[in-house]
Amino acid sequence: YGAGGGYGPQQGYSEERSSARRVADHYSARSNQTLEERENSPIIHLKKLNNWIKSVLVQLYARPGDCVLDLACGKGGDLIKWDKAKVGYYVGVDIAEGSIKDCMTRYNGDTDQQRRKRFSFPARLICTDCYEARLDEYLYEDAPFDICSCQFALHYSWSTEARARQALANVSALLRPGGIFIGTMPDANVIIKRLRESEGLEFGNSVYWISFGNEYAEKKFPASRPFGIKYKFHLEDAVDCPEWVVPFHLFKLLAEEYDLELVLMKNFHEFVHEYLQKPEFAELMRRLGALGDGRQDQSTLSQDEWEVSYLYLAFVLRKRGQPPTQ
Ligand code: SAM
């Protein structure tokens, strides 16, 4: 990667579109699970751990009354976290029509009981490609935002340099000076390390596998071509679609070009060890039940789920500039 350069494989526009469509169709087709199906999921504790990590990020960085932009919001799994943080306004954007519909149902409540405890903030949901559209054109009336979140989704923008840039341009254009960008995505260092440790081009365990194509047979990834490094990711009961490697040091440099400065980056393992030391987050973990509650009959995260969590990192960026005075 280099400033202004046109790096990365010269993928045709239509090929690019169809990759984004595949990702969208995959997520659109995933129907809402019943509570029972969710509890029986082979990765239920991993899901709970992921929710804990996202909750910690929200609690650390959201302030009451904040205007929130949730990029790739999915089915709105984080609405409750934002509600607990008492935010003032929420905009969710996702490419998958099915997910936006589910998100709307979750926001409105699909039973009388849920409708009575509706969320305390107004919300707007938009179905579009966050990494292709100029979101400031959709959201000029809603901006600026105090906080932007992109959970488990920013890596879908690294298929080309243009998309990676549009993702960051959108965040930068919509955040106020001093505004915060929180997110989670795969940790390229771990993925490439695992690939190099494996005999072939595939690795995984009982709940996931990652597979690189033959073009990566040498397992070399020159820094001059950091975009479009595709692999297939399968996670039981969750994901089965193409994803792209995001070399974090280059992500950091690219973000700086858009006035977004790195505040924090931690692999999930480090994140868990660090924030579990804080009593309020330890209590939240106990309530979510991701690691069990110490009772012998309580199930807990399996070793294979814990290995999956090592594949991810959390990041926080801040938009340059002074926040406006009240
Ligand atoms: N952020 C949600 C969460 O944490 O529960 C959903 C995460 S899910 C793993 C990834 C989401 O990214 C899906 O909802 C998918 O539709 C969305 N996504 C992928 N590519 C996108 C794009 N180009 N524009 C908007 N959303 C996208």
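A few points about this structure:
- In the stretch 163-179, the residues that are over 13 Å from GLN322 (Cβ atoms) and of a type in the set (Lys, Arg) reach residues that are within 11 Å of the ligand (Cβ to nearest atom) and modelled with pLDDT of 95 or more with C-beta atoms within less than 7 angstrom, at least six apart or across chains, in these pairs: ARG163/TYR131; ARG163/GLU132; ARG163/SER157.
- Within the stretch 106-118, none of the residues are in contact (Cβ under 8 Å) with a residue 40 or more places away in the chain and more than 9 Å from the ligand (Cβ to nearest atom).
- Count of the stretch 212-239 residues which are hydrophobic (A, V, I, L, M, F, W, C), free of Cβ contacts under 8 Å to residues at least 24 places away in the same chain and surrounded by fewer than 15 Cβ atoms within 10 Å (Cβ to Cβ): 1
- Summed over the stretch 137-153, the residues that are at pLDDT 95 or above, outside any loop (DSSP other than H, G, I, E, B) and more than 9 Å from the ligand (Cβ to nearest atom) give a count of 4.
- Residue match in the stretch 282-290 (condition: buried (at least 20 other Cβ atoms within 10 Å of the Cβ), at pLDDT below 95 and under 21 Å from TYR208 (Cβ atoms)): yes
- Pick from the stretch 1-43, criterion within 15 Å of the ligand (Cβ to nearest atom) and of a type in the set (A, V, I, L, M, F, W, C), ranking: modelled with the lowest pLDDT: ALA29
- Subset tally (residues that are within 11 Å of the ligand (Cβ to nearest atom) and crowded, with 17+ Cβ neighbours inside 10 Å) for the stretch 240-256: 2
- Every residue from the stretch 179-203 that is under 21 Å from the mean Cα position of the chain (by Cα) and in a strand (DSSP E or B): GLY179, ILE180, PHE181, ILE182, GLY183, THR184, MET185, PRO186
- Any chance ALA85 is more than 19 Å from ASP129 (Cα to Cα), open to solvent by 10 Å² or more (accessible area, probe 1.4 Å), touching a helix residue (DSSP H, G or I) at 6+ places or on another chain (Cβ under 8 Å) and not charged (D, E, K, R): yes
- Hits in the stretch 205-225 - residues which are over 25 Å from the mean Cα position of the chain (by Cα) and among the aliphatic types (A, V, I, L, M): ALA217
- For the stretch 129-139, the criterion of being within 15 Å of VAL23 (Cα to Cα) and open to solvent by 40 Å² or more (accessible area, probe 1.4 Å) is met by at least one residue.
- Qualifying residue in the stretch 169-177 (condition: surrounded by fewer than 18 Cβ atoms within 10 Å (Cβ to Cβ) and assigned to a strand (DSSP E or B)): yes
- Filtered residues of the stretch 70-84 (kept if of a type in the set (Asp, Glu) and within 14 Å of the ligand (Cβ to nearest atom)): ASP70, ASP78
- When CYS67 is tested against the conditions (1) surrounded by 21 or more Cβ atoms within 10 Å (Cβ to Cβ); (2) within 16 Å of the ligand (Cβ to nearest atom), the lone failure is (2).
The values are calculated or read from the model by the stated rules, or taken from the named source; none is laboratory data. Since the model is a prediction, treat every value here as computed from it, not as a measurement. A quick note on method: Cβ atoms are made from the backbone with ideal geometry, for glycine too, and the neighbour counts reach across all protein chains shown. Areas reflect the complete protein model, heavy atoms only, side chains present, ligands, DNA and RNA absent. Shrake-Rupley method; radii C 1.70, N 1.55, O 1.52, S 1.80 Å.
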